[in-house]
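The values are calculated or read from the model by the stated rules, or taken from the named source; none is laboratory data. It should be emphasised that the depicted structure is a prediction, and the values quoted were computed from it without experimental measurement. As a convention, Cβ positions derive from the backbone with ideal geometry for all residues, glycine included, and neighbour counts pool all protein chains shown.
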Amino acid sequence: MRLKSRFRYGVYAAVAVLFLSGVGWFAADWQKEGVNGETWQQIAVYLLMLHGGTAMVTLLLLGALIPVHLLRAWRRGNNLVMGSVMVALNAILIVTAFGLYYLGSEAVRPWMSWVHLAFGVLLPGLLALHIFLGRRQRA
């Protein structure tokens with residue numbers, strides 16, 4: 001179920017910004033204890049704001065994907081396994097992001113952060129695989 005190009009490129013751009021800002025935040029946050037720690041701390045703050053803002057836009061895009069892509073493809077039986085993986089992956093990212101932002105528990109926060117980071121790093125590759133398999137199935 002191919003998306004219109006403007007919508008498709010919007011999804012790609014959102015995923016790219018989320019990936020780059022997330023990995024960039026992780027690198028900056030890791031550097032804040034070293035030399036120029038204050039500079040890295042400020043960079044981490046800006047990257048986290050970019051990441052959060054882009055996540056809000058991505059939530060809108062994901063919601064729009066449900067009727068125009070997910071439900072239609074599901075009814076046709078197209079790319080069900082990878083589509084289910086994408087739904088689960090995004091659900092995990094949304095739940096862990098919610099937990100990181102709203103839960104103050106220091107017991108839960110470290111593992112939630114690692115789960116969010118790990119699945120976030122996997123997202124672009126799994127999205128590319130989802131697209132590849134979907135296009136191959138159509139051909």
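Can you tell me how many residues in region 84-120 are touching a His at 6+ places or on another chain (Cβ under 7 Å) and under 26 Å from Ile131 (Cα atoms)?
We begin by selecting, within region 84-120, every residue touching a His at 6+ places or on another chain (Cβ under 7 Å); these are 86, 93, 96-97, 100.
The next check asks that each one be under 26 Å from Ile131 (Cα atoms); those that pass are 86, 93, 96-97.
Final tally of qualifying residues: 4.
List, please: which pairs have Cβ atoms under 8 Å, are six or more places apart or on different chains, and start with a residue in region 44-65 that is closer than 30 Å to Gly34 by Cβ and end with one that is basic (Lys, Arg)?
As it stands, the answer is Ala44/Lys32, since those pairs meet every condition given.
Quick one: in region 82-112, of everything that is within 17 Å of Leu48 (Cα to Cα) and of a type in the set (Gly, Ala, Ser), which residue is modelled with the highest pLDDT?
Among them, the one singled out is Ala97.
Of everything in region 46-98, what is outside any helix (DSSP H, G or I) and surrounded by 15 or more Cβ atoms within 10 Å (Cβ to Cβ)? Give them in sequence order.
Result: Asn78, Asn79.
Which one is farthest from the chain's Cα centre (by Cα), of the residues in region 1-45 that are of a type in the set (Gly, Ala, Ser), over 20 Å from Pro124 (Cβ atoms) and assigned to a helix (DSSP H, G or I)?
That would be Gly37.
Name the residue that is modelled with the lowest pLDDT, counting only residues in region 113-139 that are more than 22 Å from Ala13 (Cα to Cα) and assigned to a helix (DSSP H, G or I).
This residue is Arg138.
Between a residue in region 17-35 that is free of Cβ contacts under 8 Å to residues at least 40 places away in the same chain and any residue that is of a type in the set (Gly, Ala, Ser) and buried (at least 16 other Cβ atoms within 10 Å of the Cβ), which pairs come within a Cβ distance under 7 Å, given they are 6 or more apart or on different chains?
Note: pairs meeting the criteria are Trp25/Ala44; Ala28/Ala44; Asp29/Ala44; Lys32/Ala44.
Taking only pairs six or more apart or across chains, which ones have beta-carbon atoms under 8 Å, a first residue in region 96-109 that is on the phi < 0 side of the Ramachandran plot and free of Cβ contacts under 8 Å to residues at least 40 places away in the same chain, and a second residue that is surrounded by 10 or more Cβ atoms within 10 Å (Cβ to Cβ) and part of a loop (DSSP other than H, G, I, E, B)?
Taking only residues 6 or more apart or on different chains, the pairs are Gly99/Val108; Arg109/Leu103.
Give the residues of region 99-116 that are of a type in the set (S, T, N, Q) and surrounded by 13 or more Cβ atoms within 10 Å (Cβ to Cβ), sorted by residue number. Full working, then the answer.
Applying the first criterion (of a type in the set (S, T, N, Q)) to region 99-116 yields 105, 113.
Within region 99-116, just Ser113 meets the criteria.
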